[in-house]
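**Q** I have a structure I would like to understand better, so I am pasting it below and will then ask my questions one at a time.
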Amino acid sequence: MDVISVIRAKRDREELSDGQIDWVVDAYTRGAVADEQMSALAMAILLNGMNRREIARWTAAMIASGDRMDFSSLPRPTADKHSTGGVGDKITLPLAPLVAACGAAVPQLSGRGLGHTGGTLDKLESIPGWRAGLSTAEMLSVLGSAGCVVCAAGDGLAPADRKLYALRDVTGTVESIPLIASSIMSKKIAEGTGSLVLDVKVGSGAFMKTLADARELASTMVGLGTDHGVRTVALLTGMDTPLGRTAGNALEVRESLDVLAGGGPADVVDLTLALAREMLAAAGLPDADPARALADGSAMDAWRRMIAAQGGDPDAPLPTARERHTVTAPATGVLTRLDAYAVGVAAWRLGAGRARKEDPVQAAAGVELHAKPGDRVTEGAPLLTLHTDTPDRIPSALDALTGAYDTAPADTPFTAPPVVLERVG
Ligand code: URA
């Protein structure tokens, strides 16, 4: 087998055989195929696609590149959620303890943010003392005591994907449905969860800009999960405007605490409950009542146990930014658009996100929204507050927000789209 014939085959729109896929994924992981050769193949896949058989085999080869975790010793059924990433998407924070409070075990291996979408681990690291890096024994112990754990994936889980994702990130080959589906599902299947709910984001702040692409990604991932014995469903959810009223690490933790205390923005609460119901049904607990677990404080109790078990102080004050800058509404009327991508880029430029994997993030940086599409606004009243520790970043954040919102006269009819657009599975 040689890599040039594999690259040529995909370049010429041929189907790759099982043997070619197994060989190239393994050889790349071992370093026998060079980065420049794998980037040529990734670009050929992005341009010419892969069929379902090729995607399934590619996913299986990435799973086989590393370890598989096993939670079958736990007394509770396991349920996990994966979001394809969006702006203000803090849902894992209230969701994991909520589903744990309803009787499932939630082993959530999460990532850090790259580009305009935030990462769950970066958000939780704004809590003083909280640790993302746990051994397998520590992970099982937190799952046992709190019912949920959110931590970084170890190096042994799908190492082929770890290497390939870093390469795709710098070669313009992230936006390929076969590569995204196999990347996400190889990690989730190797993680060993019994059931999985996928939150596939659609809109300006998401990878998938159209419903048609989101549907294809969702059905590809649901098929991969089901074929590997993981009960998998997907919700397609809107990402044209940020979720909730904050984008940024500590700002999003604060908003998640509001949800766990029984309040919080309606879209965050609605999506958290919709995903919780799907996870509980997939885990075989269809009669659990997640709305009650939010209202009666049991989800908050699970959160406090999880944070403390991972070294965090659930009562410590969260960091606040040294500098704030207010953006005011340009006119009186109704806000009709507030673009998710622009808010994500602004939060990133303020210091909430990173441009390279090794960059640090500012815990307190981000954007706070004082209105969402459909809300009344008054000329000169605060529309957004920018938070940062480094005020010289404010002008470039303001640039990102140019043209990011529209208002219309107050009597203009406006109907906000539903949070959940479709279900696949
Ligand atoms: N998240 C992943 O884990 N992989 C991708 O390819 C895209 C998003």
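**Q** Could you count how many residues in region 373-425 are among the polar types (S, T, N, Q) and touching a strand residue (DSSP E or B) at 6+ places or on another chain (Cβ under 6 Å)?
**A** Residues flagged as among the polar types (S, T, N, Q) and touching a strand residue (DSSP E or B) at 6+ places or on another chain (Cβ under 6 Å) within region 373-425 amount to 4.
**Q** Please tell me if R52 is surrounded by fewer than 20 Cβ atoms within 10 Å (Cβ to Cβ), of a type in the set (K, R) and more than 19 Å from the chain's Cα centre (by Cα).
**A** yes
**Q** Which numbered condition trips up A60, out of (1) away from the ligand (no atom under 15 Å from the Cβ); (2) crowded, with 24+ Cβ neighbours inside 10 Å; (3) outside the structural domain of L143 (by TED's automatic domain parsing)?
**A** Here A60 meets the rest and fails (2).
**Q** To continue, here is another question. Considering (1) within 21 Å of the chain's Cα centre (by Cα); (2) in a loop (DSSP other than H, G, I, E, B); (3) under 23 Å from T120 (Cα atoms), say which one P418 fails and leave the rest.
**A** (3) is the only condition that P418 fails.
**Q** So which residues in region 3-52 are in a helix (DSSP H, G or I), free of Cβ contacts under 8 Å to residues at least 24 places away in the same chain and of a type in the set (S, T, N, Q)?
**A** Result: S5, Q20.
**Q** So which strands (runs of 3 or more DSSP E) are wholly in region 213-332 and hold at least 3 residues that are within 17 Å of A104 (Cβ to Cβ)?
**A** 231-238
**Q** Being away from the ligand (no atom under 13 Å from the Cβ) and crowded, with 24+ Cβ neighbours inside 10 Å is true for just one of A40, A101, A44, A34. Which residue is that?
**A** Selected residue: A101, the only one of A40, A101, A44, A34 that is away from the ligand (no atom under 13 Å from the Cβ) and crowded, with 24+ Cβ neighbours inside 10 Å.
**Q** Are there any helices (runs of 4 or more DSSP H) wholly within region 114-206 with 3 or more residues that are in contact with an Asp or Glu (Cβ under 9 Å, 6 or more places away or on another chain), and if so which?
**A** 159-169, 177-191
**Q** Within region 139-181, how many residues turn out to be closer than 26 Å to L124 by Cα and away from the ligand (no atom under 11 Å from the Cβ)?
**A** 20
The values are calculated or read from the model by the stated rules, or taken from the named source; none is laboratory data. On a predicted model such as this, the values are computed, not experimentally measured, just so you know. We place every Cβ from the backbone using ideal geometry, glycine too, and count neighbours over all the protein chains shown.
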